[in-house]
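What follows draws every value from the coordinates through simple rules; no lab data is involved. Only a predicted model underlies this, so the values are computations on that prediction, with no experimental measurement involved. With ideal geometry, Cβ positions are generated from the backbone for all residues, glycine too; neighbour counts draw on all protein chains shown.
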Amino acid sequence: MERDELAGWLRLTLTPGVGDGQARRLLAAFGLPDTVFAQGEPALEQLCGAARARALREPPEGFDAALDAAWRWLEETPEDGAERRILTLADDDYPQALLQTADPPPLLYTLGARGVRLRDLGPQALAVVGSRNPTPQGAIDARLFARALAGAGLCVVSGLALGIDGAAHEGALEAAGAAHEGALEAAGAAHEGALEAAGAAPPVTVAVVGTGLDRVYPARHRDLAHRIAGRGIILSEFPLGTPPLTPNFPRRNRLIAGLSRGTLVVEAALASGSLITARLAVEQGREVFAIPGSIHSPQSRGCHALIRQGAKLVESVQDILEELRPGAGRTPAAEAPAALPRDGDALLDALGHDPASLDALAARTGLDAATLQARLLELELDGHVGRLPGGLFQRLASA
């Protein structure tokens, strides 16, 4: 992208009062941004009103600084060698899946692996979303489902948020052989040529964020974002410098749904933003999948509501692949759980698969509180039991 081209698109999107919808109408009527700005006020007024027509006649306040910052961002090469791009609606690599939605953003900022392209991402992508405060089992499910989906050749799309989003990105990176930053950097050079040669190969994961790409939110996902940029793509519609504003996160959910062929909801409360993503997926003609959970868990109620509304109930990755790829063969099973300690089987049987309190377990097993706590701690350290808020315990499965 040349600086003059960037200037036109940036000026259009930063003009006060001109939102994405108005910008698309102007582009449809007059062509590229420079042609829009060349119009007289009467022509612009007919399409967008007098106030916006006047605003379009001059660059907005602070435009030169915004253009300089965007151009510097594009020109600078990150230390990890990731590629920075700004895609416009006129760019050949703009995701075709987003063009099929009602509200594609005029500009997309991307940061990620070199040679990875987004044009044909949609048929090869599945969104994985859920609670920011998942149960231990929910986080495990998100990671293992994402790993299996990525291993089957699908790109995992999520939002880099805490909880299910982060676990999904981690699982996808594991499938790419990139469980930690050092391994990713060592493998990056070897994989780069193969990615460029493949051309159509999807990124292993795409993180759609609600801030400018010069920021990482939440801050604790800085390392995860760095690893995603090395093997996948981080994407935003928001200008550089945009802070984590609350309204931006529900807005970015339409891109998560729109980039993907379907959306898998792992865990979600009834008021979860993940249900917004699922609703947007339905409105965009995409598939919706949901993993059921305990009837006693608030984090399962959103998934149960989706299933009642027609989402496909998912118990295994194969349930998703059969919907997306009819006739697909069975996929390799996910990793088996670690062997159970011999003296822990009875307690796990008593615990079952629903959350239970210490008092409930004492009543079921006849064990005193001290013995129970010691046994539960052993099982927790071995990864067989998770501790939930409110003094509850939950048995964990590996898939």
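Remark: PHE238, PHE249, PHE145 ranked as PHE249, PHE238, PHE145, counting other beta-carbon atoms within 10 Å and listing the fewest first. Across the chain, Cα-Cα pairs more than 40 Å apart make up 24 percent of the total.
The stretch between ARG387 and ALA29, if pulled fully straight at 0.36 nm per residue, gains 123.1 nm over its current Cα-Cα span.
In percent, rounded to a whole number, the relative contact order of segment 122-324 is 22, using alpha-carbon pairs under 8 Å and six or more apart.
Using a cut-off of 14 Å between beta-carbons, work out the net charge of the residues near GLY273 (Lys and Arg +1, Asp and Glu -1, GLY273 not included). That sum, taken over residues with Cβ under 14 Å, equals +3. Once the C-beta distance of ALA370 and ARG220 is scaled by a Förster radius of 35 Å, the resulting FRET efficiency is 0.50 to the nearest 0.05.
With r defined as the distance between the Cβ atoms of ARG54 and LEU358 and R0 fixed at 51 Å, what FRET efficiency is calculated, to the nearest 0.05?
0.15
Please compute the contact order of the chain in relative form: average sequence separation of alpha-carbon pairs under 8 Å and at least six residues apart, divided by the residue count, as a percent. Relative contact order here is 14 percent.
Computed from the Cβ-Cβ distance with R0 of 35 Å, the FRET efficiency linking GLU45 to LEU245 stands at 0.65.
With Cβ to Cβ distances under 9 Å as the rule, what net charge do the other residues near GLN394 carry (K, R +1; D, E -1)?
+1
Residues in segment 122-128 carry Karplus couplings, in order, of x, x, 10, 10, 9, 7, 10 Hz; the curve used is 6.51 cos²θ - 1.76 cosθ + 1.60 with θ = phi - 60°, and Gly or Pro positions show x. Between the C-alpha center of segment 143-166 and that of segment 221-235 there is a gap of 13 Å. When the helices of the chain are scored as -39500 (n - 2.57) per DSSP H run of n ≥ 4 and the total is divided over every residue, the value at 222 nm lands at -13500 deg cm²/dmol. Listed from fewest to most Cβ neighbours within 10 Å, the set TYR109, TYR94 follows the order TYR94, TYR109. Computed extension gain for GLU83 through LYS312, at 0.36 nm per residue and net of the alpha carbon distance, reaches 78.8 nm. Put a plus charge on the Cβ of each Lys and Arg, a minus charge on the Cβ of each Asp and Glu, and nothing anywhere else: the dipole of segment 122-324 about its Cα centre is then about 620 debye.
Diagonalising the gyration tensor over the Cα atoms of segment 1-76 and scaling each eigenvalue by 5 before taking the square root yields semi-axes of 23, 13, 10 Å, largest first. The fewest-to-most ranking of HIS226, HIS384 by surrounding Cβ atoms within 10 Å reads HIS226, HIS384.
For segment 244-275, backbone nitrogen atoms closer than 15 Å to the point 7 Å from ASP92 Cα along Cα-to-C-beta are found at no residue.
Taking amide H atoms as placed 1.01 Å from N in the peptide plane, the amide H of ARG114 lies under 5 Å from those of GLU83, each 5 or more residues away in sequence or on another chain.
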